[in-house]
1. Hey, can you tell me all the residues within region 230-262 that are within 16 Å of ligand 2 (Cβ to nearest atom) and within 27 Å of P78 (Cβ to Cβ)?
2. So which pairs qualify, if the first residue must be in region 281-307 and more than 16 Å from ligand 2 (Cβ to nearest atom), the second must be in a loop (DSSP other than H, G, I, E, B), the Cβ gap must be under 7 Å, and the two must be at least 6 apart or on different chains?
3. Does region 20-30 contain any residue that is open to solvent by 70 Å² or more (accessible area, probe 1.4 Å) and either more than 22 Å from V232 (Cα to Cα) or assigned to a helix (DSSP H, G or I) (or both)?
4. I'd like the residue in region 125-146 that is crowded, with 18+ Cβ neighbours inside 10 Å and basic (K, R) and, out of all such residues, is nearest to the chain's Cα centre (by Cα).
5. For region 92-111, check the following and say yes or no: at least one residue is among the polar types (S, T, N, Q), in the same structural domain as V333 (by TED's automatic domain parsing) and closer than 17 Å to T163 by Cα.
6. Taking E164 as meeting all but one of (1) within 20 Å of the chain's Cα centre (by Cα); (2) free of Cβ contacts under 8 Å to residues at least 12 places away in the same chain, write down the number of the exception.
7. What helices (runs of 4 or more DSSP H) completely inside region 119-201 contain at least 2 residues that are within 16 Å of ligand 2 (Cβ to nearest atom)?
8. Starting from residues that are open to solvent by 30 Å² or more (accessible area, probe 1.4 Å) and under 20 Å from Y177 (Cβ atoms), keep the ones in region 87-111 and report whichever is nearest to ligand 1 (Cβ to nearest atom).
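The values are calculated or read from the model by the stated rules, or taken from the named source; none is laboratory data. Everything quoted here is computed from the prediction, not taken from an experiment. With ideal geometry, Cβ positions are generated from the backbone for all residues, glycine too; neighbour counts draw on all protein chains shown. In case anyone asks, the SASA skips ligands and DNA or RNA and just uses the protein heavy atoms, side chains included. Shrake-Rupley method; radii C 1.70, N 1.55, O 1.52, S 1.80 Å.
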Amino acid sequence: MLIVMKPGASASDIERVLEVIETLGFRGHTLPGENRTAIGVTGNQGSIDPAHFENLSGVADAIRVTKPYKLISKDLRPEKSVIKVGTGTIGGDELAIIAGPCAIESREQLFATAEVISKSGAKFFRGGAYKPRTSPYAFQGLGEDGVKMLADVREQYGLNIVTEAMDERGVDAVEKYGDCIQIGARNMQNFSLLKYVGKTRKPVLLKRGLSATLDELLLAAEYIMAEGNYDVILCERGIRTFASHARNTMDLSVIPAVHRMTHLPIIVDPSHGTGHNYMVTPLARAGVAVGADGLIIEVHPNPEEALCDGAQALTPGQYSELVRQVTVIREAVAEEKTIAAA
Ligand code: PEP
Ligand code: MN
């Protein structure tokens with residue numbers, strides 16, 4: 001059920017609706033919009049009688065939701081969500097660029113990369129401390145020591161920190177030291193982890209699973225939001241197909257589909273999406289052209305020496321050129337939108 005409040009509804013009107021929802025044994029999720037507030041109801045198995053709400057003060061409408069998702073839906077919030085990540089935002093007018101190494105290897109490597117990212121004008125820094133590696137014998141990351149180093153990067157450069165957590169202990173560390181909790185492709189359907197990050201108050205970057213459909217991605221986001229954390233950013237990072245010329249197949253059609261169905265922002269990851277250095281910049285350009293809200297890019301001072309994902313890492317020079325190119329494309333897309341809206 002979705003309860004749409006009248007534009008002039010007061011805080012106590014909203015409070016009363018939430019009380020009624022609670023009395024019925026369900027949970028209310030308030031999402032304020034530009035013109036009106038909507039309240040999503042979760043926890044009900046069957047349908048709820050709209051009569052419970054129809055006559056309450058400030059209620060414009062009580063609508064039954066037939067779709068499998070409620071909180072990600074544009075029915076709940078017609079405007080796009082702009083998610084605050086530290087001192088930056090994702091989903092607004094500005095293209096969000098998150099860049100940094102695949103894995104934190106050493107303080108020297110981390111700070112050398114952060115220097116480049118900071119100079120590029122990007123507001124977000126990535127670096128994995130907990131690495132989901134295919135082989136148990138591969139470098140697994142520096143763990144909490146790495147997350148603490150990221151906090152030092154924020155201190156020195158003012159960059160907002162995005163980093164992956166693979167379990168509850170990792171979530172606690174990222175919540176303490178970082179600005180955004182990344183849930184990696186392999187954990188997109190780790191439902192207990194999704195519920196756990198849903199209870200935190202840090203934004204979540206949710207990457208699409210290796211073979212997840214769009215519905216599965218959206219329902220994973222719904223899991224996080226149903227726990228009360230509405231700050232979810234989606235990420236297209238390529239899916240597994242029969243194609244073998246690239247590490248994954250970037251499914252860029254998902255960007256307009258997401259924008260049509262949900263108010264959540266979506267960014268693209270052409271690093272994991274392609275797996276090859278020479279493909280990263282072309283696919284970053286394509287992602288921005290198709291309307292992505294941001295990019296996440298792997299950069300390493302010496303890609304050939306990287307302990308993880310060196311083949312897809314950009315050099316500092318290549319990264320700076322990528323930023324220059326995508327900035328031009330973003331401006332063209334914004335101009336096009338303005339013309340279309342006029
Ligand atoms: C990463 O961003 O470092 C990563 C492991 O990505 P994914 O979960 O998309 O494979
Ligand atoms: Mn990587």
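1. C235, E236
2. Listed by first residue and then by second, the contacts come to A286/L252; G287/L252; V288/L95; V290/L252; D293/G91; D293/P265; G294/L95.
3. Yes, region 20-30 contains a residue that is open to solvent by 70 Å² or more (accessible area, probe 1.4 Å) and either more than 22 Å from V232 (Cα to Cα) or assigned to a helix (DSSP H, G or I) (or both).
4. That would be R126.
5. yes
6. Going through (1) within 20 Å of the chain's Cα centre (by Cα); (2) free of Cβ contacts under 8 Å to residues at least 12 places away in the same chain one by one, E164 breaks only (2).
7. 144-157
8. Ranking the candidates gives E105 first.
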